[in-house]
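Trainee: Please find one structure pasted underneath; my questions will follow.
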Amino acid sequence: MRFEYFPRSTENRYQEDFAAAMRQHGIVMEPTERLENSYLIARASSLDGVHFHWIESIIGEGSTMQRARATLGLYTYLRCLKRLNKRLIWTVHNHARHDKGMRVDALAYRVVARAADLIIVHSRWSGDYIQRKYNPAGRIVVMPHGNYDDFYHPRQSVAQTRRAAGLREDRPVCGVIGSVRPYRGHELAIQAAATWGDECQLFISGKPYNADYGRQIESAAGKHANIRCRLSRLTNDEYAEAVQACDIVLLPYNEVTSSGALLSAWSLSRPVIATALPLFCDFERDQLTRGAIKTTKPAPEAMTDAVRELLAINSAERIAAARGEADRFPWKSVVQPVAQVVQSWNGAAKSSGGST
């Protein structure tokens, strides 16, 4: 069976890893650059369906009117897809757009949810949310996010990365690594670090989503001697180096649906402290060994208590706990429930003598 996915991300490994794992189950997933009815019709005979990611990227970041037109175009595209008797898969990376949501965005999500034959979610909580919100006719399948094994190749040692960032080597480091955006909770991490004194350091590294927000974070961090900022785009290997320079990775998000950052940290053998959002609470309840993930209230004092609790665990034990969690989520295994549903479509089509 063959599916095309849209939109294609050049900054996230998820789609390539998912496609490679599905191919091992005999299902081809390839990117497409265009969502056009004529383009879809022309390739209908060689296509079993379409796989959507990041609905907010499909409708763009324009004005309300521009997003409304894009949503209408999306609706007509999906009607064409259904007339051709093709399947729609939707992976729920987000329940809503980060930072700049509009009411029309919610309509786009609803249009896709109601048309999808298969909806992939990354936690039980997310599946429950989608069921309550949209009551979709299609099947909801919980598929954990896969790990990042064999993806990162850090070139610098922990000591080298810490020295380059101006971090002390004789004090533990907590880090907020990756895209610098309001929903990721950098302000909370800074407020917590302000209470640590000489006990622990905070490392913030990543590209700000805009210059003003970057200056805001740098200004707040600059008031504290135990905080270091390196705000610039990170290559994949630089990201890995920054994560491994940390004893603990902080995910103090104020919203989250799915988190590649959690699996990245575990794949690089680093434990995580996260705000007690439903996704992270699911992972905390399911963890095999104490020390891989600790959730906390979104308050500086609570985060500081969590940092002290994890640092009290032996470093080797924390590393082993995080790595043990990563080992639970190889891509070939996590995609199995999705592959089984897609393969059942193929079997149903053969038994009826028709197309999927």
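The values are calculated or read from the model by the stated rules, or taken from the named source; none is laboratory data. Being a predicted model, the structure only gives us computed values, none of them experimental. Quick reminder, even Gly has a Cβ in these numbers, built from the backbone with ideal geometry, and neighbours come from all protein chains shown. Please note that ligands, DNA and RNA were not included when accessible areas were found on the heavy atoms of the full protein model with its side chains. Shrake-Rupley method; radii C 1.70, N 1.55, O 1.52, S 1.80 Å.
Trainee: Does any residue in the stretch 243-270 that is closer than 20 Å to Arg290 by Cα and touching a residue at least 12 places away in the same chain (Cβ under 8 Å) come within less than 6 Å, Cβ to Cβ, of a residue that is among the basic types (Lys, Arg) and surrounded by fewer than 21 Cβ atoms within 10 Å (Cβ to Cβ) six or more places away or on a different chain, and which pairs are these?
Mentor: Taking only residues 6 or more apart or on different chains, the pairs are Ser269/Arg323.
Trainee: Which of the residues belonging to the stretch 106-139 are of a type in the set (D, E, K, R) and either under 17 Å from the mean Cα position of the chain (by Cα) or surrounded by 19 or more Cβ atoms within 10 Å (Cβ to Cβ) (or both)? Write out each step before concluding.
Mentor: Initially, the stretch 106-139 is screened for residues of a type in the set (D, E, K, R), giving 110, 114, 117, 124, 128, 132-133, 139.
Hits for the stretch 106-139 are Asp117, Arg124.
Trainee: Consider Gly26 carefully, then state whether it is part of a helix (DSSP H, G or I) and not polar (S, T, N, Q).
Mentor: On the way: part of a helix (DSSP H, G or I): no; not polar (S, T, N, Q): yes.
So Gly26 fails the test.
Trainee: Give just the number: which of (1) assigned to a helix (DSSP H, G or I); (2) modelled with pLDDT of 95 or more does Trp125 not satisfy?
Mentor: (2)
Trainee: Identify, please: which residue in the stretch 122-157 is free of Cβ contacts under 8 Å to residues at least 40 places away in the same chain and hydrophobic (A, V, I, L, M, F, W, C) and is, among those, farthest from Glu238 (Cα to Cα)?
Mentor: Ala137
Trainee: In this structure, is Gln156 open to solvent by 60 Å² or more (accessible area, probe 1.4 Å) and either part of a loop (DSSP other than H, G, I, E, B) or touching a strand residue (DSSP E or B) at 6+ places or on another chain (Cβ under 8 Å) (or both)?
Mentor: Considered against the rule, which asks whether it is open to solvent by 60 Å² or more (accessible area, probe 1.4 Å) and either part of a loop (DSSP other than H, G, I, E, B) or touching a strand residue (DSSP E or B) at 6+ places or on another chain (Cβ under 8 Å) (or both), Gln156 comes out as yes.
Trainee: Can you report the number of residues in the stretch 58-82 which are open to solvent by 70 Å² or more (accessible area, probe 1.4 Å), outside any loop (DSSP other than H, G, I, E, B) and over 16 Å from Ala113 (Cβ atoms)?
Mentor: Filtering the stretch 58-82 down to residues open to solvent by 70 Å² or more (accessible area, probe 1.4 Å) leaves 61, 64-66, 69, 72, 75, 79, 82.
Narrowing further to those that are outside any loop (DSSP other than H, G, I, E, B): 64-66, 69, 72, 75, 79, 82.
Applying the additional criterion that residues be over 16 Å from Ala113 (Cβ atoms) yields 64-66, 69, 72.
Residues flagged as open to solvent by 70 Å² or more (accessible area, probe 1.4 Å), outside any loop (DSSP other than H, G, I, E, B) and over 16 Å from Ala113 (Cβ atoms) within the stretch 58-82 amount to 5.
Trainee: Please tell me if Ser45 is outside any loop (DSSP other than H, G, I, E, B) and either free of Cβ contacts under 8 Å to residues at least 24 places away in the same chain or surrounded by 15 or more Cβ atoms within 10 Å (Cβ to Cβ) (or both). Explain how you work it out, then say what you get.
Mentor: On the way: outside any loop (DSSP other than H, G, I, E, B): yes; either free of Cβ contacts under 8 Å to residues at least 24 places away in the same chain or surrounded by 15 or more Cβ atoms within 10 Å (Cβ to Cβ) (or both): yes.
In short, yes.
Trainee: Of the residues Tyr213, Tyr209, which is open to solvent by less than 30 Å² (accessible area, probe 1.4 Å), more than 18 Å from Tyr152 (Cβ to Cβ) and not small (Gly, Ala, Ser)?
Mentor: Details: Tyr209 fails: open to solvent by less than 30 Å² (accessible area, probe 1.4 Å).
Residue meeting the stated conditions: Tyr213.
Trainee: State whether the residues of the stretch 5-25 include one that is at pLDDT 95 or above and farther than 26 Å from Ser264 by Cα.
Mentor: For the stretch 5-25, residues at pLDDT 95 or above and farther than 26 Å from Ser264 by Cα: absent.
Trainee: Please name all residue pairs, on different chains or six or more residues apart, with Cβ atoms under 6 Å, provided the first residue is in the stretch 85-107 and is at pLDDT 90 or above and part of a loop (DSSP other than H, G, I, E, B) and the second residue is open to solvent by 30 Å² or more (accessible area, probe 1.4 Å) and not hydroxyl-bearing (Ser, Thr, Tyr).
Mentor: His93/Trp54
Trainee: Against the definition (in contact with an Asp or Glu (Cβ under 9 Å, 6 or more places away or on another chain) and under 21 Å from Tyr183 (Cβ atoms)), how does Leu277 come out, yes or no? Step through it out loud before you land on a result.
Mentor: On the way: in contact with an Asp or Glu (Cβ under 9 Å, 6 or more places away or on another chain): yes; under 21 Å from Tyr183 (Cβ atoms): yes.
Spelling it out, Leu277 is indeed in contact with an Asp or Glu (Cβ under 9 Å, 6 or more places away or on another chain) and under 21 Å from Tyr183 (Cβ atoms).
Trainee: Continuing with this model, one more query. Which condition breaks for Ala225 when tested against (1) in contact with a helix residue (DSSP H, G or I) (Cβ under 7 Å, 6 or more places away or on another chain); (2) open to solvent by 70 Å² or more (accessible area, probe 1.4 Å)?
Mentor: In the conditions (1) in contact with a helix residue (DSSP H, G or I) (Cβ under 7 Å, 6 or more places away or on another chain); (2) open to solvent by 70 Å² or more (accessible area, probe 1.4 Å), Ala225 misses (1) alone.
Trainee: If a residue must be of a type in the set (S, T, N, Q), farther than 21 Å from Pro154 by Cα and at pLDDT 95 or above, how many such residues does the stretch 250-286 contain?
Mentor: Count: 1.
Trainee: Of all residues in the stretch 166-200, count the ones that are more than 16 Å from Glu241 (Cα to Cα), within 26 Å of the chain's Cα centre (by Cα) and not in a helix (DSSP H, G or I). Before the answer, list the steps.
Mentor: To start, the set of residues in the stretch 166-200 that are more than 16 Å from Glu241 (Cα to Cα) comprises 170-171, 180-200.
Keeping just the survivors that are within 26 Å of the chain's Cα centre (by Cα) gives 180-193.
Subsequent filtering for residues that are not in a helix (DSSP H, G or I) retains 180-181, 185.
Final tally of qualifying residues: 3.
Trainee: Same structure, new question: Just to be sure, is Arg13 without any contact (Cβ under 8 Å) to a residue 12 or more places away in the chain and charged (D, E, K, R)? Write out each step before concluding.
Mentor: Details: without any contact (Cβ under 8 Å) to a residue 12 or more places away in the chain: no; charged (D, E, K, R): yes.
Spelling it out, it is not the case that Arg13 is without any contact (Cβ under 8 Å) to a residue 12 or more places away in the chain and charged (D, E, K, R).
Trainee: Scanning for something of a type in the set (S, T, N, Q) and either within 20 Å of Phe3 (Cα to Cα) or surrounded by fewer than 17 Cβ atoms within 10 Å (Cβ to Cβ) (or both), does the stretch 140-149 turn up at least one residue?
Mentor: No, because not a single residue in the stretch 140-149 is of a type in the set (S, T, N, Q) and either within 20 Å of Phe3 (Cα to Cα) or surrounded by fewer than 17 Cβ atoms within 10 Å (Cβ to Cβ) (or both).
Trainee: Where the second residue is open to solvent by less than 50 Å² (accessible area, probe 1.4 Å) and part of a loop (DSSP other than H, G, I, E, B) and the first is touching a residue at least 60 places away in the same chain (Cβ under 8 Å) and lies in the stretch 216-231, which pairs have Cβ atoms under 8 Å and are six or more apart or on separate chains?
Mentor: Arg228/Gly166; Arg228/Leu167
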